[in-house]
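Below is one structure; the comments refer to it alone.
The values are calculated or read from the model by the stated rules, or taken from the named source; none is laboratory data. Just so we're clear, the structure is a prediction, and the values are computed from it rather than from any experiment. Cβ coordinates were reconstructed from backbone atoms using ideal geometry, including for glycine residues, and neighbour counts include every protein chain displayed. For the accessible areas, the whole protein counts, side chains as well, though only heavy atoms, and no ligand, DNA or RNA atoms are used. Shrake-Rupley method; radii C 1.70, N 1.55, O 1.52, S 1.80 Å.
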Amino acid sequence: EAERRRQSSGGAVTRGPEPGPGAQREPEGSLRPGPCSLSAHTTPYTHTTSAVGARPSCSKFPVSGLGMVRANGSASGLKEAGSDTESKYSQEVKQLLYPLFVYLHLDMVHSGLKSAADSFYSRFHGMFLQNTDQKDIMEQLRTTLNSQDIYSNSKLRSLTENKYVLSLTEESYNYLLRYLQSDNNSALCKVLASRVQLDVQCSPQTGYQLYNTGTISRTEGVGLEPSELPSTMLQNEAALEMLQDSIKRVKDGPPSLTTICFYAFYNTDQLLNTAEISPNSKLLSAGFDNSCIKLWSLRAKKLKYGPQQVDVSRINLACDILDDEVEDDVGSEMKILRGHCGPVYGTKFLSDNSGLLSCSEDTTVRYWDLCSFKNTGLYQGHAYPIWDIDISPLSLYFVTGSHDRTARLWALDRTYPLRIYAGHLADVDCVKFHPNSNYIATGSIDKTVRLWSTQQGNTVRLFTGHRGPVLALAFSPNGKYLASAGEDQRLKLWDLASGTLFKELRGHTDNITNLAFSPDSSLIVSASVDNSVRVWDIRNTYSNSLVDGSSSELVGVYMGQTSNLLSVQFMACNLVLVTGVAQEKKEQ
């Protein structure tokens with residue numbers, strides 16, 4: 001009859017819910033819902049574990065077949081270890097015998113090993129007859145013949161669906177680990193890992209201490225009440241909450257005022273077209289009408305030639321005068337780069353500051369090595385002057401805008417364009433890479449802004465609304481917005497996801513020529529021919545409309561002793577670098 005009931009048993013018991021991290025700590029010997037469940041037709045669980053107290057996600061009994069025979073012998077060894085009178089930790093370790101016996105016996109019954117279960121029961125059950133509750137469980141185990149008996153008994157079913165919680169001191173825990181590692185006790189490790197939750201109590205600290213001591217539980221998944229936590233931990237949590245609140249108030253509140261640094265050019269004779277500061281703020285480049293590029297050091301360190309690589313394609317004779325021999329070893333504050341045969345309209349530094357790209361009216365782009373200060377690359381493809389140039393964030397590609405109404409994509413290792421973006425009805429005055437390099441924005445004299453797919457070469461967004469040529473573009477570092485401005489004196493923010501106008505900022509009284517976003521994408525800086533630099537907070541969560549008609553997003557207005565602002569760049573530490581031409585003093 002028992003064999004028939006065993007074969008006909010079926011169904012499964014679902015796992016109990018896990019307690020949340022804030023649950024109260026269970027008393028010693030209590031049960032906790034565990035991740036394991038029973039099934040009448042389960043296969044042996046083969047996952048191994050090497051750490052007692054781990055909680056693997058499983059749905060089968062952890063020990064089966066030969067493993068239970070080994071567990072029988074391991075349990076005997078653990079019994080002997082627990083009865084070691086010379087060890088002061090033996091009594092604590094001995095508490096593990098009861099849950100191990102119960103779970104191993106249930107596992108044998110569930111797997112149909114009737115004879116092994118009877119032998120195991122008769123050998124060890126006498127150890128647990130002194131305790132009333134344990135004696136009751138022993139009686140129920142004696143009458144349990146198969147899986148159906150386990151499911152029909154509420155106490156045994158509760159044992160299988162929950163973990164047995166037991167507290168050990170750290171010394172007893174280490175004593176147990178040493179025993180489990182001393183022999184092949186993998187079966188016991190599996191039972192302990194999946195069925196027993198060990199609550200290890202840290203030992204009190206002695207000697208010199210920097211913090212208050214307290215008993216901290218290392219139980220996984222068990223939450224402590226605030227009253228049980230040491231005072232130091234409570235103080236740290238309070239400090240963390242204050243820090244998080246401060247960060248939130250700074251993030252959501254009014255932005256701190258930016259620091260503006262102006263670089264002014266004197267005695268340019270109106271020949272200066274463009275200026276750019278390197279990403280590391282060490283170099284300043286400027287392009288002039290006389291086709292030359294000048295490079296300045298913004299630090300005390302002078303510009304020197306770096307170590308030259310051997311040019312194997314050229315043989316130098318003794319009568320040759322080498323350039324390196326006539327250079328001054330001391331260095332200089334400025335270097336002049338010559339190579340273009342027309343006015344230079346744009347310069348861009350590589351992100352690693354190793355090189356410089358320049359575009360000119362001569363329809364070419366040139367690459368300058370900032371180690372040797374020589375022209376090492378020439379890119380040709382446009383048929384008309386090139387007005388603007390921009391480099392991708394990783395300096396792998398660059399894009400140019402030209403009078404031929406096209407923008408073109410280039411790679412540094414190719415002298416010809418990879419893509420041609422055609423669609424504008426007039427000159428492409430400004431170009432800009434998206435932070436992810438998958439898109440390129442172009443602004444044109446035809447009063448439109450286009451967003452192009454870098455790889456496909458097609459237009460994915462068309463923004464209209466400007467009343468004059470578009471002269472400046474900027475992407476927010478988070479990639480959500482595109483800012484455009486130009487001769488209509490209005491700064492427009494476009495939402496790239498929806499393709500709609502997000503905000504329009506007013507306040508400048510002349511053409512806007514340069515734009516730059518802050519690293520956190522909350523501020524945008526604009527420079528205009530009206531000689532003002534304006535800082536805008538695009539969140540606008542705190543200010544009201546200003547009297548002069550400027551948009552309420554305006555944070556500050558900065559004026560320098562310049563007559564023509566050439567560039568504006570947001571650097572680290574909330575610093576904005578501005579370059580421009582110095583105002584000429586009027587003769588009285």
Item to check | Qualifying residue in region 217-229 (condition: touching a Pro at 6+ places or on another chain (Cβ under 6 Å), at pLDDT below 80, of a type in the set (Gly, Ala, Ser) and on the phi < 0 side of the Ramachandran plot) | outcome: yes
Item to check | The listed residue being assigned to a strand (DSSP E or B) and open to solvent by 30 Å² or more (accessible area, probe 1.4 Å), out of Asn478, Asn564 | outcome: Asn564
Next on the checklist: Please determine whether any residue of region 412-432 is touching a residue at least 12 places away in the same chain (Cβ under 8 Å), closer than 15 Å to Gly468 by Cα, open to solvent by less than 10 Å² (accessible area, probe 1.4 Å) and within 31 Å of the chain's Cα centre (by Cα).
Outcome noted: no
Checklist entry - Out of (1) in contact with a Ser or Thr (Cβ under 6 Å, 6 or more places away or on another chain); (2) in a strand (DSSP E or B), the odd one out for His424 is which? => result (2)
Checklist entry - Before we move on, is Val449 touching a Phe, Trp or Tyr at 6+ places or on another chain (Cβ under 6 Å), crowded, with 19+ Cβ neighbours inside 10 Å and either within 24 Å of Phe517 (Cα to Cα) or in contact (Cβ under 8 Å) with a residue 40 or more places away in the chain (or both)? => result yes
Checklist entry - In region 313-361, which residue that is open to solvent by 10 Å² or more (accessible area, probe 1.4 Å) and among the polar types (S, T, N, Q) is modelled with the lowest pLDDT? => result Asn316
Item to check | Subset of region 127-141 [part of a helix (DSSP H, G or I) and open to solvent by 40 Å² or more (accessible area, probe 1.4 Å)] | outcome: Met127, Thr132, Asp133, Gln134, Lys135, Asp136, Glu139
Next on the checklist: Checking Ser186 against (1) polar (S, T, N, Q); (2) open to solvent by less than 30 Å² (accessible area, probe 1.4 Å); (3) more than 19 Å from His125 (Cα to Cα): exactly one of these is not met. Which one?
Outcome noted: (2)
Next on the checklist: Whether any residue in region 510-518 is open to solvent by 30 Å² or more (accessible area, probe 1.4 Å), on the phi > 0 side of the Ramachandran plot and part of a loop (DSSP other than H, G, I, E, B) is what I want to check.
Outcome noted: no
Next on the checklist: Please go through region 235-265 and give me each residue that is hydroxyl-bearing (Ser, Thr, Tyr) and either open to solvent by less than 50 Å² (accessible area, probe 1.4 Å) or not in a loop (DSSP other than H, G, I, E, B) (or both), ordered by number.
Outcome noted: Ser246, Thr258, Thr259, Tyr263
Checklist outcome for this item: The number of residues in region 510-531 that are more than 28 Å from the chain's Cα centre (by Cα), under 21 Å from Arg467 (Cα atoms) and in contact (Cβ under 8 Å) with a residue 24 or more places away in the chain is 8
Next on the checklist: I'd like to check something: does region 97-107 contain any residue that is out of contact with any strand residue (DSSP E or B) (no Cβ under 9 Å at 6 or more places or on another chain), closer than 24 Å to Cys202 by Cα and in a helix (DSSP H, G or I)?
Outcome noted: yes
Checklist outcome for this item: Just one listed residue, out of Leu295, Leu271, is in contact (Cβ under 8 Å) with a residue 12 or more places away in the chain, open to solvent by less than 30 Å² (accessible area, probe 1.4 Å) and within 22 Å of Trp368 (Cα to Cα), and it is Leu295
Checklist entry - Counting only residues that are out of contact with any strand residue (DSSP E or B) (no Cβ under 6 Å at 6 or more places or on another chain) and in a loop (DSSP other than H, G, I, E, B), which one in region 371-380 is most open to solvent (accessible area, probe 1.4 Å)? => result Cys371
